[in-house]
Amino acid sequence: MTAAERPGPVDQLVTDTVEVSVPASSANLGPGFDSLGLALAFRDTIRVEVADRLEITVEGSGAGEVALDESHLVHRAMAATFAQLGRAVPPVRLTCRNRIPHGRGLGSSSAAIVGGIVAARALVPGGSLVLDDRAALDLAGRLEGHADNVAPALLGGFTIAYDGPEGYAATRLAVDPRVRVVVLIPAEAVKTTTARALLPDEVPHVDAATNAARAALLVAALTGQPELLMAATEDRLHQEYRRSAMPGTCDLVARLRADQVPAVISGAGPSVLAFVDESDTARVLAAAPEGWQARALHIDLDGARIC
Ligand code: HSE
């Protein structure tokens, strides 16, 4: 049955099938807590087909672990998008092919949220006009609770996200082409809620001031002065507070930094993000402890896209 032959709201959809891919992302980048983010060149894909009933299949990361009902994050994001567009979400067959590991600080939940929003708005006539990227980012940020991963997942590249007068917003900057990254991924996941629960309600003023300077410096470093990356990736707001949940991660960050590699916790952890250039990629890949995966990645410049 085609979309045109279906009764009810389905016959008002643009198409009955849409496929979206969304990049992984790394947030914080050291001092830019809940703000800075970088899209990484490996992707989840989500296929949505209008169907007679809800059916969800997950392949790859999260298969056999995540719920396959309305509570699935992609479906929740689709439902929120349809609601914002004044529609009820139709029954769909949802196929998620996940490459981004879950619970590792690489933006898997943001990719699910952004993928659900971008797929849903592509189904509704005029969806991308009513819910443009600015509105989509705000919706994604509200679903996620902060916008530092959803911004690069949606827009690609290096993003500065903030909570503005009209909701979550972000600006995107061009990254110096010399900047590459290596991600080092441990076998064990850590929940973001666990990592956030370790943060104090208050921090010393000197630490906040240090982070403000480093975050500003990081913008300069990533956009044209990568030689500043060591100084620019120092953090005092979150990384050490999270040590008890990820001691191996903090040790690896310290080891790499002692070796002059600008390394940070990726997002809420427990993966490590290291900035590299061509000459030191191999030695950083070789620094992965036993049982960890290491991947050299380009920065994704596209963000979420319809396949
Ligand atoms: N800024 C967030 C945190 C990233 O560090 O908790 C996780 O989404």
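Quick notes on this one:
- Residue 114 passes every criterion in (1) open to solvent by less than 60 Å² (accessible area, probe 1.4 Å); (2) more than 16 Å from the ligand (Cβ to nearest atom); (3) among the hydrophobic types (A, V, I, L, M, F, W, C) apart from (2).
- Scope segment 125-150; condition out of contact with any Lys or Arg (no Cβ under 6 Å at 6 or more places or on another chain) and aliphatic (A, V, I, L, M); matching residues: 129, 130, 135, 136, 137, 139, 140, 143, 147, 150
- Segment 141-154, subset surrounded by 24 or more Cβ atoms within 10 Å (Cβ to Cβ) and either free of Cβ contacts under 8 Å to residues at least 12 places away in the same chain or not charged (D, E, K, R) (or both), residue farthest from residue 301 (Cα to Cα): 141
- Test: residue in segment 136-159 that is within 16 Å of the chain's Cα centre (by Cα), within 15 Å of the ligand (Cβ to nearest atom), farther than 15 Å from residue 27 by Cα and basic (Lys, Arg): yes
Conditions (1) among the acidic types (Asp, Glu); (2) more than 29 Å from residue 200 (Cα to Cα); (3) part of a strand (DSSP E or B), marked per residue:
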{"site": "15", "(1), (2), (3)": "no, yes, no"}
{"site": "18", "(1), (2), (3)": "no, yes, yes"}
{"site": "21", "(1), (2), (3)": "no, yes, yes"}
{"site": "27", "(1), (2), (3)": "no, no, yes"}
{"site": "36", "(1), (2), (3)": "no, no, yes"}
{"site": "40", "(1), (2), (3)": "no, yes, yes"}
{"site": "43", "(1), (2), (3)": "no, yes, yes"}
{"site": "52", "(1), (2), (3)": "yes, yes, no"}
{"site": "57", "(1), (2), (3)": "no, yes, yes"}
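Here's the yes/no breakdown for (1) buried (at least 21 other Cβ atoms within 10 Å of the Cβ); (2) out of contact with any Cys (no Cβ under 7 Å at 6 or more places or on another chain); (3) modelled with pLDDT of 95 or more:
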{"residue": "66", "(1), (2), (3)": "no, yes, no"}
{"residue": "77", "(1), (2), (3)": "yes, yes, yes"}
{"residue": "93", "(1), (2), (3)": "no, yes, yes"}
{"residue": "96", "(1), (2), (3)": "yes, yes, yes"}
{"residue": "122", "(1), (2), (3)": "no, yes, yes"}
{"residue": "127", "(1), (2), (3)": "yes, yes, no"}
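The values are calculated or read from the model by the stated rules, or taken from the named source; none is laboratory data. Computed from a predicted structure; not experimentally measured. Cβ sites come from the backbone with ideal geometry, for glycine too, and all protein chains shown count toward neighbours. In case anyone asks, the SASA skips ligands and DNA or RNA and just uses the protein heavy atoms, side chains included. Shrake-Rupley method; radii C 1.70, N 1.55, O 1.52, S 1.80 Å.
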